[in-house]
1. Would you please name the residue that is surrounded by the most Cβ atoms within 10 Å (Cβ to Cβ), looking only at residues in the stretch 521-550 that are of a type in the set (A, V, I, L, M) and closer than 18 Å to Pro269 by Cβ?
2. Taking the stated definitions as given, is Gly514 under 21 Å from the mean Cα position of the chain (by Cα), within 27 Å of His257 (Cα to Cα) and either buried (at least 21 other Cβ atoms within 10 Å of the Cβ) or of a type outside the set (Asp, Glu) (or both)?
3. When you check Leu635 against the structure, is it of a type in the set (A, V, I, L, M, F, W, C), closer than 28 Å to Ala475 by Cβ, touching a residue at least 40 places away in the same chain (Cβ under 8 Å) and surrounded by fewer than 20 Cβ atoms within 10 Å (Cβ to Cβ), yes or no?
4. Looking only at residues that are of a type in the set (S, T, N, Q) and not in a helix (DSSP H, G or I) in the stretch 170-199, which one is nearest to the chain's Cα centre (by Cα)?
5. Criterion first (surrounded by fewer than 20 Cβ atoms within 10 Å (Cβ to Cβ) and either within 17 Å of Ala155 (Cα to Cα) or modelled with pLDDT under 95 (or both)) does Arg53 satisfy it?
6. Considering only the stretch 407-443, state which residues are among the hydrophobic types (A, V, I, L, M, F, W, C) and without any contact (Cβ under 8 Å) to a residue 60 or more places away in the chain.
7. Specify which of the listed residues (Ile206, Ile254) is more than 27 Å from Ala534 (Cβ to Cβ) and modelled with pLDDT of 95 or more.
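The values are calculated or read from the model by the stated rules, or taken from the named source; none is laboratory data. All of these numbers come straight from a predicted model, not from anything done at the bench. Cβ atoms come from the backbone with ideal geometry, glycine included; neighbour counts cover every protein chain shown.
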Amino acid sequence: MPAHPHFPHLFEPLDLGFTRLKNRILMGSMHTGLEDDKGELNRLAAYFAERARGGVGLMVTGGIAPNRQGWLAPFSAKLTRQSEMRQHRVVTAAVHAEDSKICLQILHAGRYGVHPLLVAPSPLRAPISPFKPWAMSRRLIRATIDDFAQTAALAREAGYDGVEIMGSEGYLINQFIAPRTNQRRDDWGGSFDNRIRFPLAILRAIREKTGPDFILIFRLSMLDLVENGSTWEEVTALAKAIEQAGANLINTGIGWHEARVPTIASMVPRGAYAWLTGKLKTEVQVPLIATNRINTPEKAEAILAAGQADMVSMARPFLADPDFARKAFEGRATEINTCIACNQACLDHIFARKEASCLVNPRSCRETALPAATARAPQPARLAVVGAGPAGLSCATELAALGHEVHLFEAAAEIGGQFNLAKRVPGKSDYAETVRYFAKKIETTGVHLHLNTRATAEQLIGGGFREVVLATGIAPRTPAIEGIGHSKVLSYVELLQGAPVGEKVAIIGAGGIGFDVAVFLTEPAAAAGRPLEAYQAEWGIDPDYRQRGGLTQAQPEASPRQVWLLQRSKGKIGERLGKTTGWAHRLTLKHRGVQMWAEVQYQRIDDEGLHLIANGQPQVLPVDQVIVCAGQDPLRALQAPLEQAGLRTHLIGGAQLAAELDAKRAIEEGLLTALAISGLR
């Protein structure tokens, strides 16, 4: 078979001896909540089947516990009985019917569980769990090894092509490996050889129980990013032992969940850890899988072409676009809906005990609840959508895909709305990918796009439209502060569109936009040309791996400005930011010396600066600029005249609710409104 013309390494088969993978793409494990369904796994089957149909060579399920102690949370997914095994057969059958392969990930949470039954090598409470674990007895350790093997045997019986052993991210196996969490004095702790007995015993027991023709992936923590983690020499020695014990693939694990280093958020450069997988590749022969922030076929191809890995793992990119692989293979990479690493609908949902989805693809994990993307409206109509921000783009392209004649009106010279501001924020450049995706979708679905056109009520009423969707967005709110019209004052829109600013800046409003503005203002100029090195220096990641855990002293580059981030209300600054990324945004600003003040009373703005009361004391901040990020107001001027004329009108996105911009809600509303207009919901 000739090499692929665009991605020859990505679409090269991988021969594992007893089985052959059709390409080098692994859909990595990510918990969605669908695994926890009781009684049937039809929704999980539909979720995986769609991605198998999309061309993935090998996929891995979310973590499944080998016993109750290993639960992530009470009554979460486990595989310990024949009755549970039979439920999984619908999943494997659905994947195999679409010519793909699937492995079940066996994950024992250890001290990361959020329940009173949790166990660990030593009784040390994790900072991310309220429960202190019970120290495992030798008998329980041996029983747990047997449980891993039994779960693997049940997975094989259920039709899985293999299992992934979760040995990274700070879960139980990783807790045995690292001296940080293994303080035992028996033969399961102390020396390195004792600490790695547990993972190797599990691997050998699984291989013995499942036979030689069953894929075994070991997820190895190559960089713990916590104090007293593993050394590079230990990682290398363990990888060699894993290879000898019979693993077919070693997957890269980066960072423990308790680490204070962002590893998959949007601020992390693409492919930021491929260098580490490449470093191990010179030490072992077993195929290695690179992970973390690989979200385009071009980046995946580059990693493989450079010899840094034998496969690439992508998880969230397949939430964003289940057809990622097929589009790349067919030369349609420009049609891929790229993951922007926002975490808002995937990881933030999971940590809130909700089912995952995707900000840029609200259909994700709802495959059985919503009509497929190939659905068609029973009665196509001529429709208008006003506003080409995320909500309007979502609605217009979905309506056109459903078969309607859609006219999309945008007052600006380009589509994208607020995403055109967001993409200018350092760490959010991937938001441009969403705009690019919708531009391509406008073309492929046949939306009639009218740029530089401010739609009027008369135009819409007389345009022969059956219905109109108003996605007209927002206007930044102007707070009632004396001197708010002073020349020092800029809106966040003016700032992000290029207005000049001085060296001392105050930001009024500490919501998501306030944080984005603070990052924008404090980004070191030197970081732009060397994103990986700047990221490693800012977060204390040692590329030379000289210390345990791969950490070194953080050395962030100095901010070019002195910035104050101000909040009128009580409470922690940034409290409403996303659970899985908010802490990283706060730390970023702390690294850069941003002053974050809550319970501020604004008095006035004049030539001296911003007058306010903080901690009960009047102060003057001698700033050059005051940037206003104090909320938004919806733009709904068209609604009343359209409804008075009897034209059915829908409000979505910021026009419907402008309380802190929410792209996740906006894009979802666009989809759901399109389905409702079409009579499909």
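1. Ile541
2. no
3. Yes; evaluated as a whole, the condition is true for this residue.
4. For the stretch 170-199, the residue satisfying everything is Thr181.
5. Considered against the rule, which asks whether it is surrounded by fewer than 20 Cβ atoms within 10 Å (Cβ to Cβ) and either within 17 Å of Ala155 (Cα to Cα) or modelled with pLDDT under 95 (or both), Arg53 comes out as no.
6. Listed by number, the residues that qualify are Leu408, Phe409, Ala411, Ala412, Ala413, Ile415, Ala432, Val435, Phe438, Ala439, Ile442.
7. Ile206
Results for (1) in a loop (DSSP other than H, G, I, E, B); (2) under 30 Å from Leu521 (Cβ atoms); (3) β-branched (Val, Ile, Thr); (4) more than 30 Å from the chain's Cα centre (by Cα), shown as yes or no for each residue.
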residue: Gln619; (1), (2), (3), (4): no, yes, no, yes
residue: Ala630; (1), (2), (3), (4): yes, yes, no, no
residue: Gly646; (1), (2), (3), (4): yes, no, no, yes
residue: Arg665; (1), (2), (3), (4): no, yes, no, no
residue: Gly670; (1), (2), (3), (4): no, no, no, no
residue: Thr673; (1), (2), (3), (4): no, no, yes, no
residue: Arg681; (1), (2), (3), (4): yes, no, no, no
